[in-house]
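Peer 1: Pasting a structure here, questions to come.
Bear in mind these aren't lab numbers, they're just calculated from the coordinates by the rules spelled out. Bear in mind the structure is a predicted one, so any value in this text is a computation, not a measurement. Here Cβ is always computed from backbone atoms with ideal geometry, including for glycine, and neighbour counts include all displayed protein chains.
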Amino acid sequence: MRLYSKWSCCLFFFIFLMSSITHAAENTESPIVIGATVSLEGRYQEPSVMIQKAFKFWVDRVNKGHGLLGRKVKLILYNDKSDRELTKILYKKLIAEDKVDLVFSPYGTPLTLAASEVSEEHNMLMLGVAAGSEKPWQRGARYLFQLYAPAQRQFIGLLDLMARKNCKTLSVIYDDTSDYNVDTVNGIKEWAKIFNIDIVYQKAYQDGKKDLPALLKEVKVKDAKGLILSAYSRDCYELLHLLGEMRYRPAVLAMPIAPVHPDFQNNAGNMANHVFGPSQWEPDGRIPFPGTRRFVNGFTQFTGHMPSYHAASAFSACQLYEQAITRTESINNQKLRDYITALDTVTVLGRFKVDSTGKQVGHNSFIIQWQNGKKEIVWPKKMQTASPLF
Amino acid sequence: MAQKKIPFYNRILFRLLLPVVIVGIACSTMLVSYMSSPIKEFLARQFDANLRLASIMGLETCENSFNYLLELRLEKSSEMNETMQNEAIEKIRSISKQFPHINLMVLESGKTIKASSINGLPKKWKGPLVIGKDDTGLGFTFLGKRVRSHVQFFPFWNWHIISFVFEKDYESPIRMAYTVTYLSALFVFISVLGTLIVMFYLFIKRPLNQLVDATEGVSEGRLHKITRIAANEFGRLMTSYNSMIDSLDNERAEGRSLIHQLEESEALFRSQFEFGNIGIAITTVDEKLIRANERLCHILGYSEEELGGKAWSEIANPKDLRASTISYRRMLAGEIESYEMDMRLFRKKGNVIFTHLNISCYRNQDRSVQFIIISILDITNRKKAEEALQKSEEYLRSLFRAAPTGIGVVVDRVIDQVNEKLCMITGYSEDEMIGKKSRILYPNDEEFEYVGREKYDQIRKYGTGTVETRWERKDGHIIDVLLSSTPMDLNDFSKGVTFTALDISDRKRAEAALREANHMLRLVLDTIPVRVFWKDRES
């Protein structure tokens, strides 16, 4: 009897010891490491910084909570300097050396293309947080998914508005070094035809600083009702500067990327007024997507800046990762890929639904216009915060 | 003259209503002219807004379809587009049903009528259209009629969504608005007028009528109070009127009471005047007869006509008349209201009658004398009776004094009257006896009781009682008295009992001496040896 009692005590002690060790091991489990590059220099700097802030905001929020699957999240971000080759190298480093569990995409279609080449090689899931072009999804990528509404569709709303206002002529100039801009212009051409808008002038360029003045002179000669510049922020500001100098302003002036940034008015001054732009999302409480208000408030509090749609897109990607990991209870990229492929949900950015190629088919962009220092949604009508001004 | 024929109320009403009618018509005209323009404008705006709304709703239907296609990425699918277009057309048709008189039409490429809420329209569009200018109002002729429209352009399908209304329909609410405005003004005017008339009737005419009727009633002697008291100045007037009626009623009641009293008094006076036992003469202040009643005529032996205008001095004893002069003057001066006196009057035949006069006067409000009223009581018989009585009294008094026996009257055995003889018999003076019990005359109580008992028994039996008794004089001597008493009223001794007292002391003594002499004689005769006899003169 005494012997039996002694063995029982030993057994209980052993169980207690094991459970304590297990618990300690859980608490000290290595964090989930997510890697990405951001463009802290170069042409993509402005939107990319927004994406960086969104990543950090999300990680902070997750780690302040229960983490993911009980594990903290660690974020490794490298500066890709808006350079495709460097991006490639850095993603290789992230996967091979840093042994990241998951990767986010860099900013922009060119860098996403470069980064996804590496991630696809390693069967790593990548959510394209800022890739509007369809090109990355035309290569048969299996692990790459798009969040943005495709570039070809971003100006549908503006063309619709122009058609309604009888603005029947349009000039288009674009940076053809970016697939995004090429896709955008292709979409414009396609939809202009549908809306019976005549593109009277269309020119591509490579170097905005150098080419834009001459192009603008030609645009002025054509004097179309509308002018669309499809380019990244730096060229957008350059265009506005030149227009200011030329004292020329078509009835409709539109450009992507730059106008959606909260600082556009500050950067562009009076020239910002009445500028149209396509937006994937706006930090407006009236946007009917769940969590929008909480995200805007949280982000503003965390960073001291209002988020742009780039930040919302990055945060949306984080939300999708979070949902996939939680639901699958795994960080296995294959499992996560399968889950996201079949996903049809709504994030702060809006609807997320991809087709079999990973291309976004659920989300649509809308058109914003700066009106007297305020960014207003002017299209589609159901989300309109102000009527468009021409 | 014509104004007099119009009733008072109607004059007030007319004077009240005429300005109201004039002002009302002026205000109504102003109101109509002031209101009709904004109403028309409002309705036009409303109609335009509805037109715009209908076209916008049509456009939104298209936009929703477009958004749906965009979301599905099926915007290039002709099959899907056709489906969505058909669906949109159905919705647009249903929108037109929500707006009365408003039609919706979908124009494709500005040339073909794709759909319309009006059936049987031609396919080809012949109307004008400013293509591309959406959200614009447009007036044009369609199907031979003027229409007002709103156009929204939906570029994706190259559709113009036209909401339109035929001007006839468009203007009908405006015409209705005019009609409503005029009718409203008329209604308000009639309402005001009607209300005024009703209010006038309720608050002015009716109470005024009540007051007038009541006042007229008063003039006709009907004192009716107003029952429905209005809660306004009329009410106060009515309340005052009712108070006046109350006081009038009270005064009337008092007057009736006074009249009744007067009537009673007058009847009494009349009966007294006509049928009374007293002669009544009414004279002027200077004593000329105005009226005389039948009794007076009878007393004086004149007819009323004969007495009329006759001076009082003609029928009155001048000496008695002079005696009344002072009192008469005092009465005229107001110092006394009336006075009485006896006066000898001459009858028609010349004989004198004794009368007792009560002379009073009827005064005016200033206390001056209007006429004199003389009540005349014929006291001739009484005078004669008094004289006879006086003589009888004097006779009795002399008898009372001259009687040789004492005479007195006792009431309940208390001495009331005594004559001198009784004073002499008893030795008491008249004053010493009157008011005293007759017991003072008796030597003891037994005698006093005995006399009372015996004498009153006899009185009861025979109406008179005689008893011999003994009195004690004031000086203490006892005397024999033959006392006879007779009551003044046999049935009521309390009225007094007359008695006579005869001093029989001497007779008693003589009888005693005689009895003694007889006894001596008998004794002598019985004892003497001789025969002695007595014979009378005849025998």
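Peer 1: Cα gyration tensor of region B:85-226, axes a ≥ b ≥ c as square roots of the eigenvalues: rounded (a/c below 1.5), prolate (a/b > b/c) or oblate?
Peer 2: prolate
Peer 1: Give the cross-link partners of B:K91 among the lysines, using a straight C-alpha distance below 16 Å as the criterion and excluding same-chain residues fewer than 8 apart.
Peer 2: B:K114
Peer 1: A further question on this structure: Between B:D320 and B:L399, how many nm apart are label points set 7 Å from Cα along the C-beta direction?
Peer 2: 3.2 nm
Peer 1: Could you give the longest part of chain B that holds none of the chymotrypsin sites (Phe, Trp or Tyr not before Pro) found in DSSP loops with at most 14 neighbouring Cβ atoms within 10 Å?
Peer 2: Result, exposed sites excluded: B:1-532.
Peer 1: Taking a temperature of 20 °C and a viscosity of 1.002 mPa s, what whole-number D in µm²/s does Stokes-Einstein yield for region B:69-116 with Rh from Kirkwood over alpha carbon pairs?
Peer 2: On the way: Rh = 11.9 Å.
This corresponds to a translational diffusion coefficient of 179 µm²/s.
Peer 1: Among the lysines, which have Cα under 20 Å from the Cα of B:K111 when same-chain residues fewer than 8 positions away are ignored?
Peer 2: A:K165, A:K168, A:K193, B:K123, B:K124, B:K126, B:K133, B:K145
Peer 1: Counting each pair of different Cα atoms once, what's the Kirkwood radius of chain B in Å, rounded to one decimal?
Peer 2: On the way: mean 1/r = 0.0249 Å⁻¹.
40.1 Å is the Kirkwood radius here.
Peer 1: Amide H of A:A204: which non-local residues (sequence gap of 5 or more, or other chain) have their own amide H closer than 5 Å, using H built in the peptide plane?
Peer 2: Answer set, sorted by chain and number: A:Y174.
Peer 1: Quick one: order B:L521, B:L70, A:L68, B:L104 by neighbouring beta-carbon count within 10 Å, fewest to most.
Peer 2: B:L521, B:L70, A:L68, B:L104
Peer 1: For chain A, take the longest principal axis of its alpha carbons; what is the angle in degrees between that and the long axis of helix A:292-303, to the nearest 10 within 0 to 90?
Peer 2: With rounding to tens, the tilt is 80 degrees.
Peer 1: Run the quick spin-label model on B:R363 and A:S356: label points 7 Å from Cα toward the beta carbon, then report their separation in nm to one decimal.
Peer 2: 14.6 nm
Peer 1: Which FRET efficiency value, to the nearest 0.05, is calculated for B:F346 and B:E220 with the Förster distance at 56 angstrom and r the Cβ-Cβ distance?
Peer 2: The pair B:F346/B:E220 has a calculated efficiency of 0.50.
Peer 1: Using the alpha carbons of region B:430-474, what is the convex hull volume per residue in cubic angstrom, as a whole number?
Peer 2: Measuring per residue, one finds 82 Å³ for the Cα hull of region B:430-474.
Peer 1: Take the alpha carbon atoms of region A:208-285, find their center, do the same for region B:447-518, and report the distance between the two centers in whole angstrom.
Peer 2: Using only Cα atoms to place each centre, the spacing works out to 178 Å.
Peer 1: On C-alpha positions alone, give me the angle between the axis of helix A:109-121 and the longest principal axis of chain A, in degrees, nearest 10.
Peer 2: 30 degrees
Peer 1: By its C-alpha gyration tensor, with a ≥ b ≥ c as the square roots of the eigenvalues, how is region A:277-322 shaped: rounded for a/c under 1.5, else prolate for a/b larger than b/c, else oblate? Walk me through the intermediate numbers first.
Peer 2: Details: a/c = 1.24, a/b = 1.02, b/c = 1.21.
Note, shape of region A:277-322 comes out rounded.
Peer 1: Applying 1/(1 + (r/R0)^6) with R0 = 60 Å to the Cβ-Cβ distance of B:L196 and B:Q370, what FRET efficiency is obtained, to the nearest 0.05? Show your work: numbers first, answer last.
Peer 2: Values: r = 62 Å, r/R0 = 1.04.
Working from the Cβ atoms, E equals 0.45.
Peer 1: A further question follows. Lys and Arg at +1, Asp and Glu at -1: add these up for the other residues within a Cβ distance under 14 Å of A:D355 and post the number.
Peer 2: +3
Peer 1: For chain A, with a Gaussian network of springs between Cα atoms less than 10 Å apart, report the residue from A:E376, A:E329, A:E245 with the top mean-square fluctuation.
Peer 2: Result: A:E245 has the largest fluctuation of those listed.
Peer 1: Okay, moving on. With the cut-off at 33 Å, report for chain A the share of all Cα pairs above it, as a whole percent.
Peer 2: Counting every Cα pair in chain A, those more than 33 Å apart make up 34 percent.
Peer 1: Something else about it: How big is region A:192-259 on each of its three principal axes, counting only the C-alpha atoms and giving the largest first in Å?
Peer 2: 32, 24, 20
Peer 1: For a quick check: sort A:M383, B:M238 by the number of other beta carbons within 10 angstrom, fewest at the front.
Peer 2: Fewest-to-most Cβ neighbours within 10 Å comes out as A:M383, B:M238.
Peer 1: Fewest Cβ neighbours within 10 Å first, please rank A:M255, B:M244, B:M176 accordingly.
Peer 2: Ranked by crowding around the Cβ, least crowded first: B:M176, B:M244, A:M255.
Peer 1: Tabulate in residue order the Karplus-calculated ³J(HN,Hα) for region B:328-340, using 6.51 cos²θ - 1.76 cosθ + 1.60 with θ = phi - 60°, rounded to whole Hz; enter x for Gly and Pro.
Peer 2: So the J values, rounded to whole Hz, are 5, 5, 4, 5, 4, 6, x, 6, 10, 8, 7, 7, 10.
Peer 1: Do the sum for chain A: with -39,500 (n - 2.57) for every DSSP H run of n ≥ 4, divided by all residues, what is the mean residue ellipticity at 222 nm, to the nearest 500 deg cm²/dmol?
Peer 2: -14000 deg cm²/dmol
Peer 1: At 222 nm, what value in deg cm²/dmol follows for chain B if DSSP H runs of at least 4 each add -39500 (n - 2.57) and the sum is divided by all its residues, to the nearest 500?
Peer 2: -18000 deg cm²/dmol
Peer 1: Would you work out if the protein assembly as shown is rounded, prolate or oblate? Take a ≥ b ≥ c from the square roots of the eigenvalues of the alpha-carbon gyration tensor; rounded if a/c is under 1.5, else prolate when a/b is larger than b/c, oblate otherwise.
Peer 2: prolate
Peer 1: What do you get for the angle between helix B:233-275 and the principal long axis of chain B? Use alpha-carbon atoms, 0 to 90 degrees, nearest ten.
Peer 2: Once rounded, one gets 20 degrees.
Peer 1: Also, quick follow-up: Using a Cα-Cα cut-off of under 19 Å, which aspartates and glutamates could be cross-linked to B:K319, ignoring same-chain neighbours fewer than 8 residues away?
Peer 2: B:D286, B:E287, B:E340, B:D342, B:D378
Peer 1: Could you give each residue of region A:223-228 its phi-based ³J(HN,Hα) in whole Hz, using Karplus coefficients 6.51, -1.76, 1.60 with θ = phi - 60°, and x for Gly or Pro?
Peer 2: For region A:223-228, the Karplus-derived couplings read 6, 6, 5, x, 9, 10 Hz, x marking Gly and Pro.
Peer 1: Net charge around A:T169, counting only other residues with Cβ within less than 10 Å of its Cβ (Lys, Arg = +1; Asp, Glu = -1)?
Peer 2: After counting each charged neighbour, the total is +1.
Peer 1: Okay, next question. What is the sum of charges around A:R153, taking Lys and Arg as +1, Asp and Glu as -1, for the other residues whose C-beta is under 12 Å from the C-beta of A:R153?
Peer 2: -3
Peer 1: Taking beta carbons within 10 Å but only from partner chains, what does the mean come to for residues A:153-163?
Peer 2: Other-chain Cβ atoms within 10 Å of each residue's Cβ, averaged: 2.
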